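Beneath this line is the structure, given in structure tokens, with notes to follow.
The values are calculated or read from the model by the stated rules, or taken from the named source; none is laboratory data. Everything numeric here is computed off the predicted structure, so don't read it as measured data. Methodologically, a virtual Cβ is constructed for each residue, glycine included, from the backbone with ideal geometry; neighbour enumeration extends over all protein chains shown. Only protein heavy atoms, including side chains, enter the accessible area calculation; ligands, DNA and RNA are left aside. Shrake-Rupley method; radii C 1.70, N 1.55, O 1.52, S 1.80 Å.
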Amino acid sequence: MATKKTTASAKKKAAPAASFSLNTTDFKESILKHLHSTLGTDENKASNRAWAEATAAAANDFVYERLRQTQKAHFEADTRAVHYLSAEFLMGRLLSNNLHNLGVFDAAADALKDLGQDISVILDEEPDMALGNGGLGRLAACFIDSLATLNYPAIGYGIHYEHGLFRQEFRDNRQIERPDEWREYGSPFEICRPESVQQVPLFGYVETVFDETGNMKKKWHPGRVIKGIPWDVPIVGYGAETVNILRLWESRASDFFNWDVFNAGGYIDSQAENAEAEAVSKVLYPNDETEAGKQLRLIQQYFFCACSLKDIIRRYSRAHGNDWSKFSTQNVMQLNDTHPAVAIPELMRLLVDEHDLNWDDAWTICRESFAYTNHTLLPEALEKWDVSLFERVLPRHLEIIYEINRRFLEDEVEVKWPGNDEIKAKLSIIEEGDSRKVRMGHLSVVGSFKVNGVAQIHSELVKKDLFPEYDALFPGKFTNVTNGITPRRWLKACNPRLSALLTEKVGENWPRDLELLRDIAKYADDPAFQKEYMDIKLANKVDMAATILELTGVEVDPTAIFDIQIKRLHEYKRQQMNLLHILALYRRLLENPDYDMNPRVVIFGSKAAPGYKLAKDIIYALNCIAEKVNSDARIKGKLKVVFLPNYRVTIAEKLIPAADLSQQISLAGYEASGTGNMKLALNGALTVGTLDGANIEIAEEAGEENVCIFGMNVDEVQALQAQGYNPWDYYYSNPELKAVLDWLDTDYFTPGKPGELSSIKRSLLDGGDPYMALADFQSYSDAQKDADSRYSDKAGWARAMIINTATMGKFNSDRSMEDYVRDIWKLTKCPVK
Ligand code: HBZ
């Protein structure tokens, strides 16, 4: 637990982050200058938005200077770089983060104050940059923050979606989706780079030709070409020594393609073509953990990979011309899940077809350049593309995949397992059957030099259950890198009160070296420190209560337990089990108004994929239950239920500092890691969780006594599945469980409309309860009861919260980056002077 590793109080006085000699007066002048000369307005009539943009522009003066220095240093050193290919980057807001990382947040706040402005109001102007669905996208955002902070040469590559994840509204308690308009009026955080535009071919056919020396070549005649325009978002490392970039590609119709149509009088046709090309980067697919399988999505994936690889090659060629021997020593490409897996055949195509390398040399380069991160074991999330679709959109790539597969099966699988067709069928990149499919996970494993899972147990399951034969074939290829989160955004910036206390106790270097927080464990039993810590938690809860009132109209008691579940809505994450527990508490209170429990506010933040009917039904049910419970005078406010609309990074930043309980209740074996669990524990919340994903490592760090673990572990889940799980057994043997399930069939929560919540009961009984919520229910309910009684012991509770904050150092994404660097990327730091 807390004190097992050495404390580092010697580092207490280590150098502060940053900095620039930017004082309040300079900042004020700079904001005014930008208000006048960049925004063309003045202080008497400037809108909040104009103030925000002027503040961003003032910060950008420093950001751009450091960006230039960084690019110069990287070019001169010609160091190896990582290219993080990800279809999603869930950045959230940038201004506050940049000010913190530049070390000028306080100067900016004071400057704005002198100018009559409140920085929190100004920061609230900024829409979230929500170019991601959930954990996978937010992980990418934390990773690029850490890479810049640690001075590693790195570029994030992704898609410049016009519309990010949909805005969620509730109408009659149901989720409706509205378009997200994050850059309706432009964004001061990105720079367009027309000089680095790329062309992306699509569709068409492949011709076999012979060159002058009689060698057979493949020539792809694309049916269309679209243009990729790069937008660069500067990524400011903490202390702002390094400023890396996130390069996002926007699709447009290619210039040379539709002018002919235009000139021939086909203005309307050319407009249609423009619209088609622009559709590619128009919207983020809102699916999390299910496969969309749509042509447009494959085109999106290929589009950003093709642009990114050409960009990487352009930069490499500038230094190395046509000498490919150093490509894989200079470059590593990390695939964030299989969404960018088509980059593997694309690099083969570029090297073989366009740069005339022979197959073997090209394949060696590929296999030395790509590494793949797996984020899921759910079968429905493993990407597969119909061969027929692939053939239509990317005919040359399909040929290349066939050739990769043929050689792999003949030269590697056959050698290891001679004559074993069963294993060949399992390992083949092509799935045979009624409709043949390209398995993107298989392609990623075969084409990479390393494959990692995202938490210890997940990485074990990737080897043991998902890819056992690949693990046997490629010993050492599979590894683990446990996820992490940036402590700058997820503690320093979002929880200023706690940050100030921590700085006072351990010095100001903890946002880099989160292990320094171990030092506060020695105050865990100190009543004065406990009071300071708990006063901060209460102040954060008071703020959150105000936000809840503003967003939902529900009044909550800040001294109640704030019990929080924030994550995408999915059956495996088991919000429905939380729902059943809420009903159980409500029922106990109705049966006995003096039922002994601390007042509790159960808070949800979650979006459901628009096509995921049951997930949307669960949101509806929770909203209906909330309405009923919150207005029921009989329970005297002891239980409240709040579903915050439009959950996003910015809401998470407000909720996490105010949490008492962190619900991490997935069925063991299904949550690859989780990262919200880390953010909540770092801010003091106690985890009510299963032994799944990173919960296991959180419990190891904090000590079992400082978390509330319940439920089956992975082995028990697998044993029950093997034996045959019957949810009805639990229904009939647990009267409380039966009562709350039956409640869902009545019109108690939907007056006059019985049956509106029945789909949840049906999925749990007739539907077989695939994620075993009923099997874990009693143990969950007991863990919640235990959490409740621990909350009553004020000193014990404070102690547990303090230990949680003290022991989360491992989950710094800087540590994750150092793991990747050591085990996979082999980068060296490039200091920027
Ligand atoms: O990645 C999440 C995992 O569920 C979570 O356990 C893990 O901590 C996190 C980071 O490793 N996975 C996702 O967030 N997945 C997606 O968002 C997703 C998006 C599009 C898809 C499939 C999945 O097509």
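Give, in whole angstrom and from largest to smallest, the semi-axes √(5λ) of the equivalent ellipsoid of segment 757-814, with λ running over the eigenvalues of the Cα gyration tensor.
Details: eigenvalues 234, 70, 14 Å².
Ellipsoid half-lengths, sorted descending, are 34, 19, 8 Å.
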Residues of segment 118-149 with amide N under 19 Å of the 7 Å Cα→Cβ point at residue 65: none
Past the 19 angstrom mark, what percentage of all C-alpha to C-alpha distances in segment 316-440 do you count? 55
Per the 1/(1 + (r/R0)^6) rule, R0 = 22 Å and r from the Cβ atoms of residue 766 and residue 733, FRET efficiency to 0.05 is 0.75
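Using a probe radius of 1.4 Å on heavy atoms only, what accessible surface per residue do you get for segment 167-212? Whole Å² is fine. Working shown, then result.
Details: 2750 Å² over 46 residues.
Per-residue value: 60 Å².
Given 0.36 nm per residue, what is the gain on full extension from residue 431 to residue 290 after removing their alpha carbon distance, in nm?
Values: separation 141, 0.36 × 141 = 50.76 nm, distance 1.84 nm.
That works out to 48.9 nm of additional length.
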The answer for the net charge of residues other than residue 743 whose Cβ lies under 12 angstrom from its Cβ, with Lys and Arg +1 and Asp and Glu -1, is 0
Residue among 655, 198, 248 farthest towards the positive dipole end of the chain, charges placed on Cβ: 655
Could you give the radius of gyration (one decimal) and Dmax (whole number) of the Cα atoms in segment 559-788, in Å? 16.6, 50
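Just how many % of Cα pairs in segment 557-620 lie over 16 Å apart, if you round to the nearest whole percent?
Details: 1064 of 2016 pairs.
So the portion of pairs separated by more than 16 Å is 53 percent.
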Using the Kirkwood radius built from alpha carbon pairs, what does the Stokes-Einstein equation give as D for segment 654-802 at 4 °C and 1.567 mPa s, in µm² per second? 77
For segment 824-832, just list the computed ³J(HN,Hα) in residue order, Karplus coefficients 6.51, -1.76 and 1.60, θ = phi - 60°, integers in Hz, with x standing in for Gly and Pro. 10, 7, 6, 8, 10, 5, 10, x, 10
Return P(r) of segment 223-328 (all Cα-Cα pairs; 10 Å bins starting at 0; whole %; ordered from short to long distances). 13, 29, 31, 21, 6, 0
So what is the relative contact order for segment 559-788, in percent, with contacts set as C-alpha pairs under 8 Å and at least six apart? 22
Running Debye on the chain with equal point scatterers at the Cα sites and no solvent, what base-10 log of I(q)/I(0) appears at q = 0.06, 0.10 Å⁻¹? -0.40, -1.14
Give me the percent of accessible area attributable to carbon and sulfur for segment 559-788, probe 1.4 angstrom. 50
Give me the distance in nm between label points sitting 7 Å out from Cα along the Cα-to-Cβ direction at residue 411 and residue 193, one decimal. 3.4
Could you bin all the Cα-Cα distances of segment 260-389 into 5 Å bins starting at 0 and give me the percent of pairs in each, rounded to whole numbers? 2, 9, 16, 18, 15, 13, 12, 9, 5, 2, 0
Using a 1.4 angstrom probe, figure out how much accessible area segment 371-466 has per residue, in square angstrom, rounded to the nearest whole. 40
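Per residue, how large is the accessible surface of segment 559-788? Use a 1.4 angstrom probe and give square angstrom. Don't skip to the end; give the middle numbers.
Details: 6860 Å² over 230 residues.
Heavy-atom SASA per residue in segment 559-788 reads 30 Å².
Express the carbon and sulfur contribution to the solvent-accessible surface of segment 67-120 as a percent, rounded to the nearest whole number, probe 1.4 angstrom.
Numbers: 940 of 2000 Å².
Looking at segment 67-120 in its full context, I get 47 percent from C and S.
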Just to check I understand the Karplus step: with θ = phi - 60° and J = 6.51 cos²θ - 1.76 cosθ + 1.60, what whole-Hz values come out for segment 304-313, glycine and proline as x? 6, 5, 5, 4, 5, 5, 5, 5, 5, 5
Hydrodynamic radius by Kirkwood for segment 155-195, inverse mean 1/r across distinct Cα pairs, in Å, is 12.8
Amide H contacts under 5 Å for residue 331, placed H, 5+ residues apart: 81
Skipping prolines and chain starts, which residues have an amide H placed within reach, meaning under 5 Å, of the one on residue 199, given they are 5 or more residues away or on another chain? 228
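Give the average over all directions of the projected area of the C-alpha convex hull of segment 134-206, one decimal, in nm². It would help to have the intermediate numbers written out before the result.
Working: hull surface 38.3 nm².
Its Cα hull, projected and averaged over all orientations, spans 9.6 nm².
Considering all alpha-carbon pairs of segment 395-533, what whole percent are spaced by more than 28 angstrom? If you can, show how the numbers build up before the last one.
Details: 4551 of 9591 pairs.
When all Cα pairs of segment 395-533 are counted, 47 percent exceed 28 Å.
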When averaged across all projection directions, what area in nm² does the alpha-carbon convex hull of segment 467-597 cover? 13.7
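Would you mind getting me the FRET efficiency between residue 118 and residue 322? Use the beta-carbon distance for r and R0 = 56 Å, nearest 0.05. It would help to have the intermediate numbers written out before the result.
Numbers: r = 57 Å, r/R0 = 1.02.
Efficiency at R0 = 56 Å is approximately 0.45.
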Phi-derived 3J(HN,Hα) across segment 359-368 with the Karplus relation (6.51, -1.76, 1.60, θ = phi - 60°), rounded Hz, x for Gly and Pro, is 4, 5, 5, 5, 5, 4, 4, 4, 5, 8
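Which is the longest run of the chain containing none of the GluC sites (Glu not before Pro) found in DSSP loop states (not H, G, I, E, B) with at most 13 other C-beta atoms within 10 Å? Kindly include the intermediate steps, with their values, before the conclusion.
Details: sites that count: 181, 184, 212, 432, 555.
Here the longest run is 556-833.
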Size of electric dipole in the chain: Cβ of Lys, Arg +1 and of Asp, Glu -1, about Cα centre, debye, nearest 20: 1200
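When 1/r is averaged over all different Cα pairs and the result inverted, which Kirkwood radius in Å belongs to segment 120-264?
About 18.9 Å, per the Kirkwood formula over Cα pairs.
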Calculated log₁₀ intensity ratio I(q)/I(0) where the Debye formula runs over C-alpha points of segment 332-400, q = 0.15, 0.23, 0.25 Å⁻¹: -0.56, -1.07, -1.14
Ellipticity estimate at 222 nm from DSSP helix runs (n ≥ 4, -39,500 (n - 2.57)) divided over the chain, nearest 500: -13500 deg cm²/dmol
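Residue separation times 0.36 nm, minus the C-alpha to C-alpha distance between residue 378 and residue 633: what's the value?
Working: separation 255, 0.36 × 255 = 91.80 nm, distance 4.29 nm.
That works out to 87.5 nm of additional length.
Compute the Kirkwood hydrodynamic radius of segment 736-833, taking the inverse of the mean of 1/r over all pairs of distinct Cα atoms, and give it in Å to one decimal. Don't jump to the answer; show the numbers that get you there.
On the way: mean 1/r = 0.0534 Å⁻¹.
After inverting the pairwise mean of 1/r, the radius is 18.7 Å.
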By the scheme Lys and Arg +1, Asp and Glu -1, what is the net charge of all other residues having a beta-carbon under 14 Å from that of residue 206? 0
Positive dipole terminus of segment 55-191, leading residue within 103, 86, 123 (C-beta point charges): 86
Report the convex hull volume per residue for segment 54-188, counting only C-alpha atoms, in Å³. 135
Out of residues 5 or more away from residue 244 or on other chains, whose amide H comes under 5 Å of its own, with H placed 1.01 Å from N in the peptide plane? 235, 237
